[in-house]
């Protein structure tokens, strides 16, 4: 069976956690598309000596391997900023497009989460969700996550980084982050992750049942 679930939303809203839980619940394959951009951003920062060079980032995107997604530094704030910058480059997005589209069409079902899944990667997805939360809630969540690795992390810095990333993601010329008209919006500002996951699973189950 081919069944595609597209989950979009800003950073720290909970979309990744929900996507993983949904994939496990239905036995679908899961792709965190943000890891693709984080891997490109991380390699581009090293090879560009701290500067994102568009041509270099495109070259890295075209030669990205599965092993690149296993780096242990992809969840750092520095790499997140680099990912946001390379994600704004049309050449990089084009280089990664085919990989994502092929994944979405795999047999057995697929869940993809990112920022342009419902609008660009999988416009015909069976279910589209847009997971969001207030700026303050997202900043606190990301702060709690990052301070485990770096006790010197400051909430104000995390909040500023998220704002800058939101602006880049929503205002880029190619595939800006947006909630498409046929997406169901799930605001997790006042929901714990279990409640948000249950709501998402219920929406997907109804869509599966409707297909018969």
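The values are calculated or read from the model by the stated rules, or taken from the named source; none is laboratory data. Only a predicted model underlies this, so the values are computations on that prediction, with no experimental measurement involved. Counting neighbours? That spans all protein chains shown, and the Cβs are built from the backbone with ideal geometry, glycine included.
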Next item on the list: Could you tell me whether any residue of the stretch 73-86 is in contact with a helix residue (DSSP H, G or I) (Cβ under 7 Å, 6 or more places away or on another chain), in a helix (DSSP H, G or I) and exposed (fewer than 14 other Cβ atoms within 10 Å of the Cβ)?
Entry: no
Check: Any idea which of (1) under 14 Å from the mean Cα position of the chain (by Cα); (2) crowded, with 16+ Cβ neighbours inside 10 Å; (3) more than 22 Å from residue 118 (Cβ to Cβ) is the one residue 43 doesn't satisfy?
Finding: (1)
Next item on the list: Kindly indicate whether residue 141 is more than 17 Å from residue 5 (Cβ to Cβ), out of contact with any helix residue (DSSP H, G or I) (no Cβ under 8 Å at 6 or more places or on another chain) and crowded, with 18+ Cβ neighbours inside 10 Å.
Entry: yes
Margin query: Restricting to the stretch 192-207, count the residues that are touching a helix residue (DSSP H, G or I) at 6+ places or on another chain (Cβ under 9 Å), in contact (Cβ under 8 Å) with a residue 24 or more places away in the chain and surrounded by fewer than 17 Cβ atoms within 10 Å (Cβ to Cβ).
Written below: 2
Notebook entry, point to check: Looking at (1) in contact (Cβ under 8 Å) with a residue 12 or more places away in the chain; (2) farther than 24 Å from residue 200 by Cα, can you tell me which one residue 167 breaks?
Noted result: (1)
Notebook entry, point to check: Just checking, how many residues over the stretch 189-206 are assigned to a loop (DSSP other than H, G, I, E, B) and within 18 Å of residue 21 (Cα to Cα)?
Noted result: 2
Note to self: Scan the stretch 11-21 and tell me whether some residue there is part of a loop (DSSP other than H, G, I, E, B), at pLDDT 95 or above and surrounded by fewer than 20 Cβ atoms within 10 Å (Cβ to Cβ).
What the structure shows: no
Item checked: Of all residues in the stretch 147-168 being surrounded by fewer than 21 Cβ atoms within 10 Å (Cβ to Cβ) and under 29 Å from residue 110 (Cβ atoms), the one that is modelled with the highest pLDDT -> 166
Margin query: Quick test for you: out of 36, 97, 69, pick the one residue that is over 21 Å from residue 123 (Cα atoms) and part of a helix (DSSP H, G or I).
Written below: 69
Checklist line | Enumeration of residues in the stretch 110-152 that are farther than 17 Å from residue 176 by Cβ, part of a loop (DSSP other than H, G, I, E, B) and touching a strand residue (DSSP E or B) at 6+ places or on another chain (Cβ under 7 Å) | finding: 125, 126, 133
Next item on the list: Scan the stretch 44-66 for residues that are in a helix (DSSP H, G or I) and within 20 Å of residue 161 (Cα to Cα) and jot them down.
Entry: 44, 45
Checklist line | Selected residue [surrounded by fewer than 17 Cβ atoms within 10 Å (Cβ to Cβ), within 24 Å of residue 146 (Cβ to Cβ), at pLDDT below 95 and touching a helix residue (DSSP H, G or I) at 6+ places or on another chain (Cβ under 9 Å)] from 69, 97 | finding: 69
Checklist line | Index of the failed condition, residue 175 passing every other in (1) assigned to a loop (DSSP other than H, G, I, E, B); (2) farther than 17 Å from residue 32 by Cα; (3) within 19 Å of the chain's Cα centre (by Cα) | finding: (2)
Notebook entry, point to check: Just wondering, is there one or more residues in the stretch 178-188 that are modelled with pLDDT under 95, within 19 Å of the chain's Cα centre (by Cα) and in a helix (DSSP H, G or I)?
Noted result: no
